[in-house]
Amino acid sequence: MTAALSAKEIVSQLSARFPGAIEEAGLDSALVKSESLPAAAEYLKTAEGLKYEYLNYITAVDYYDYFEVVYMLTSLEYNRSVTFKVRCYSRDNPSVPSLTGLYQGADWQEREVYDLMGITFEGHPNLKRIFLWEGYNGYPLRKDWNR
Amino acid sequence: MTTTQELTLKTEPFVLNMGPLHPSTHGVYRMRVTLDGEVVLDIEPIFGYLHRGIEKLMEERTYTGCIPLTDRLDYASAMSNNFSYCLAVEKLGGIKVPERAEYIRVITAELQRIANHCLAIGAMLNDAGALGTPFFYLWRQREKIYDLFEMLCGQRVLYNYMRIGGVSQDLPDEFLPAVKKFIPQLRHFIDEYEFFLKQNEILIARAKGVGILSKELATNYGISGPVARASGIRWDLRKNDPYSVYDRFEFDIPTRENGDCYDRYRVRMEEMKQSLRIVEQSVKQVPGGPFRTEVNQVIRPPAGEAYAHIEGPKGELGYYIVSDNSIAPYRSHIRSTSLINLGALRQMVKGWKVADLILIFGSIDITMGEVDR
Amino acid sequence: MEISSDREYIYDAAELDRHEGQVIEKLKASSRKSIPDPDAWLDEDIKRNIVLTSLDWVLNWARRSSLWTAVCYPACCGMEWMATLAPRFDASRFGMEIMRASPRQADLLITAGTLTWKMAPNVKRIYDQMPEPKWVIAMGACGISGGIFRSGYNVVPGYNKIIPVDVYVPGCPPRPEALIYGIQQLQKKIAKIKAVPDLPKLPNPLKKGKK
């Protein structure tokens, strides 16, 4: 059974290494500050006993005050999964560091989030629209988008 | 003494556009292929030609009203989309599903897996050059499965059969005897089919060693399903993260080592046999009882979020649903198998020729409805 | 459709994408109203009292008994289109077994799937490349009016915004029997067309006198 780590376990395992950057958000996911995202993801991927090498998905949700980018990783060896989120509070130019260096599967999923929500990923090699065409006006999946 | 100079042709790579509508691209998929002669150097996939905005449309419909929309994502295997969505909403709302409904869901999901692999193997052999013969042989079996599903819910291709809390209608009396009659027929057919293709020299020459995907690359890209199992990753959600009643059945997970097109073909053939085993066991164990929990037509799950995934025929298919206690989902994201599996295509085709590119693309088994959503 | 002499050639990938975007926006702005269904055949029907010459009859028979379809199966209706070609509901008994990859050799376009604005210029290009006489069958609810996805931001509400449609086959997806019924209706329509064109009134070169 893939044991999904609860928020308390994630926080207890990571907060020693990244003080102040991880906090709980709900029952099964942790909130990570966007500056420490690449370092935390690398630690989760390579550390002994953690080895979260498989990226399930990256998606984003628009709560009117902030955007929340959700990541889920799975460890195939130890059969565990972890979910964590990053928030960006700016509406005009939200941006989050990219994980393409660690997981190549993040490439297209981050482009999709950029295309439909407008969140830029710093460090992405090829950030352009993937489903809609160049020159499309607006980001359709935002809550305040009207056609 | 004359010195011989090697005469080399001065070549430069050129870009070829394999346009959105192409007989072998399994839907509207476009690639810009950089070629050096006939050898592929790089590809740039472009899609979005079937982007219907399903994630946005789901925010405007009730939870039950979203079920027909989910059918149309992976239209080659519609039951598994329904299954995954219903699991996610039931997890969100804490709704329990009766036993009979669980067994019915498992039977339909496994029959759907067999039907999908019939299409996948047939299409891959079509791309390899066997124009039509294996494809229509397998399509005959797929039509028989269509008949079974038509008995259940009246539709051949896009079923809208599962509901939140169970299934929409009970099994008619003639369904289980028909399934019992179908299983030995299909077993015999798969043996006959394998006899033609397992040691076929043309298939082996074209598919063995072609388009190798290594285990590390597959993990890094997040590949799942038969493609990952052919590369050596022993990961199947029915065994590693069991959902519904899959932990009550005995079946194996076929895995192979090399990760080439031939291995993907073999994994799919073996999976069809294992699915038949599951159908056989579940048909014997179907209990009586209600086929759906009584929930409202318009349900309001409590505020929160949930992610549920199943092992669909193509890989891990998941739904991430956020609810704010209203009648429609606040946000629903579809973790689509085909989009993520397609990410690895670029690494798999470098150095192969154009004809191999088509075969490798066919062996991943993509449905554009799922890629573009 | 010839290549115009002042065509500009673009080589850079980003430029190509931008050019594609401009083409799509232009098409979207100009396709707000439906193209009316071609019903010129009705007119001729009434004028000529359904009396066809035998040459008309032979040409119409040849055309309707060997319709070759162009490749166009974007979405789920493609599954039922493939089922129509499969041995159970055989489309080859109507002469339609060939799916021509090149639109220059086809005369029927069966639109089996949802049309999106991003795809629309390509379908229009395929339709333009088909030589006359050509017909279009709009298959499925998405082909008729956008179907279940009509309120989507990228979906064209029906193929008749882009190309003229002859026969509409409802269903989601339509059963192969329904599609075959639609093809038979199209064949009945083709049977009534005046196939031999009127020769223009030329001066008779054998007549003596003023020219």
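Inspection of the stretch B:78-86 finds a residue satisfying the criterion of being facing chain C (nearest Cβ under 9 Å), touching a Leu at 6+ places or on another chain (Cβ under 9 Å) and under 30 Å from B:G165 (Cβ atoms). For B:E60, the test of being surrounded by fewer than 23 Cβ atoms within 10 Å (Cβ to Cβ), within 11 Å of another protein chain (Cβ to nearest Cβ) and closer than 27 Å to B:N296 by Cα is passed.
Being among the acidic types (D, E), more than 24 Å from B:M348 (Cβ to Cβ), within 21 Å of the chain's Cα centre (by Cα) and surrounded by fewer than 21 Cβ atoms within 10 Å (Cβ to Cβ) is a property that holds for B:E55. In the stretch B:192-236, which residues are hydroxyl-bearing (S, T, Y), within 9 Å of chain A (Cβ to nearest Cβ) and touching a Ser or Thr at 6+ places or on another chain (Cβ under 8 Å)? Scanning the stretch B:192-236 gives a single hit, B:S224. Of the set (1) over 21 Å from A:S15 (Cα atoms); (2) crowded, with 18+ Cβ neighbours inside 10 Å; (3) more than 14 Å from chain C (Cβ to nearest Cβ), all apply to A:L73 but (1). For B:K215, state whether it is farther than 28 Å from B:I145 by Cα and among the charged types (D, E, K, R). Yes, satisfied.
Here's the yes/no breakdown for (1) hydrophobic (A, V, I, L, M, F, W, C); (2) in a helix (DSSP H, G or I); (3) under 30 Å from B:C66 (Cα atoms):
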position	(1), (2), (3)
B:H117	no, yes, yes
B:M151	yes, yes, yes
B:N160	no, no, yes
B:P172	no, no, yes
B:K181	no, yes, no
B:E192	no, yes, no
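Within the stretch B:220-237, if we keep just the residues that are within 19 Å of A:Y78 (Cβ to Cβ) and not hydrophobic (A, V, I, L, M, F, W, C), the residue that is surrounded by the fewest Cβ atoms within 10 Å (Cβ to Cβ) turns out to be B:R234.
Within the stretch C:5-14, does at least one residue satisfy the condition of being assigned to a loop (DSSP other than H, G, I, E, B), in contact with a strand residue (DSSP E or B) (Cβ under 8 Å, 6 or more places away or on another chain), at pLDDT below 85 and hydrophobic (A, V, I, L, M, F, W, C)? So far as the stretch C:5-14 goes, no, none of its residues is assigned to a loop (DSSP other than H, G, I, E, B), in contact with a strand residue (DSSP E or B) (Cβ under 8 Å, 6 or more places away or on another chain), at pLDDT below 85 and hydrophobic (A, V, I, L, M, F, W, C).
Any residue in the stretch B:114-133 that is closer than 30 Å to C:E97 by Cα, of a type in the set (V, I, T) and facing chain C (nearest Cβ under 10 Å)? The answer is no, given that none of the residues of the stretch B:114-133 is closer than 30 Å to C:E97 by Cα, of a type in the set (V, I, T) and facing chain C (nearest Cβ under 10 Å).
Based on this model, can you work out whether B:Q185 counts as at pLDDT 90 or above and surrounded by fewer than 17 Cβ atoms within 10 Å (Cβ to Cβ)? Yes, satisfied. When each of B:L148, B:L176, B:L203 is tested for being in contact (Cβ under 8 Å) with a residue 24 or more places away in the chain and crowded, with 20+ Cβ neighbours inside 10 Å, the lone residue that passes is B:L203.
The set of residues from the stretch B:319-344 being more than 18 Å from B:I223 (Cβ to Cβ) and part of a loop (DSSP other than H, G, I, E, B) comprises B:D324, B:N325, B:S326, B:I327, B:A328, B:P329, B:Y330. Taking the conditions (1) in a strand (DSSP E or B); (2) at pLDDT below 90 in turn, B:Q347 satisfies each one other than (1).
Of the residues making up the stretch B:296-318, those that are outside any strand (DSSP E or B) and aliphatic (A, V, I, L, M) are B:V298, B:I299, B:A303.
Number of residues in the stretch A:130-140 that are more than 10 Å from chain C (Cβ to nearest Cβ) and crowded, with 20+ Cβ neighbours inside 10 Å: the value is 1. The set of residues in the stretch A:40-59 being of a type in the set (A, V, I, L, M, F, W, C) and under 14 Å from the mean Cα position of the chain (by Cα) consists of A:A40, A:A41, A:L44, A:L55, A:I58. All conditions but one from (1) at the interface with another protein chain (Cβ under 9 Å from one of its Cβ atoms); (2) touching a residue at least 60 places away in the same chain (Cβ under 8 Å); (3) in a strand (DSSP E or B); (4) surrounded by fewer than 22 Cβ atoms within 10 Å (Cβ to Cβ) apply to A:L102; the one that does not is (3). Restricting attention to the stretch A:105-129, the residues that are within 11 Å of another protein chain (Cβ to nearest Cβ) and among the aliphatic types (A, V, I, L, M) total 4. Looking at the stretch B:237-257, I want the residues that are within 13 Å of chain A (Cβ to nearest Cβ) and have a partner that is surrounded by fewer than 18 Cβ atoms within 10 Å (Cβ to Cβ) and of a type in the set (S, T, Y) with Cβ atoms under 7 Å, at least 6 apart or on another chain. Which pairs are those? Pairs found: B:N240/A:T2; B:D241/A:T2. Within the set C:L109, C:L115, the sole residue that is crowded, with 22+ Cβ neighbours inside 10 Å, facing another protein chain (nearest Cβ under 10 Å) and of a type in the set (A, V, I, L, M, F, W, C) turns out to be C:L115. In the stretch B:272-310, which residues are within 12 Å of chain A (Cβ to nearest Cβ) and in contact (Cβ under 8 Å) with a residue 60 or more places away in the chain? Once the filter is applied, which keeps residues that are within 12 Å of chain A (Cβ to nearest Cβ) and in contact (Cβ under 8 Å) with a residue 60 or more places away in the chain, the stretch B:272-310 yields B:G304, B:E305, B:A306, B:Y307, B:A308, B:H309. If you check A:T83 against the conditions, is it in contact (Cβ under 8 Å) with a residue 40 or more places away in the chain and either more than 14 Å from chain C (Cβ to nearest Cβ) or crowded, with 17+ Cβ neighbours inside 10 Å (or both)? Taking the combined requirement at face value, the residue satisfies it. A single member of A:D115, A:D92, A:D107, A:D62 is assigned to a strand (DSSP E or B) and either over 14 Å from the mean Cα position of the chain (by Cα) or crowded, with 19+ Cβ neighbours inside 10 Å (or both), and it is A:D62.
Within the stretch B:101-126, the only residue that satisfies the criterion of being among the charged types (D, E, K, R) and touching a strand residue (DSSP E or B) at 6+ places or on another chain (Cβ under 8 Å) is B:R105.
Across the stretch C:131-157, the number of residues qualifying as within 14 Å of chain B (Cβ to nearest Cβ) and either assigned to a loop (DSSP other than H, G, I, E, B) or among the basic types (K, R) (or both) comes to 8.
The values are calculated or read from the model by the stated rules, or taken from the named source; none is laboratory data. In this text, all values refer to a predicted model and were calculated from it rather than measured experimentally. Ideal geometry is used to build each Cβ from the backbone, glycine not excepted, and the neighbour counts take in all protein chains shown.
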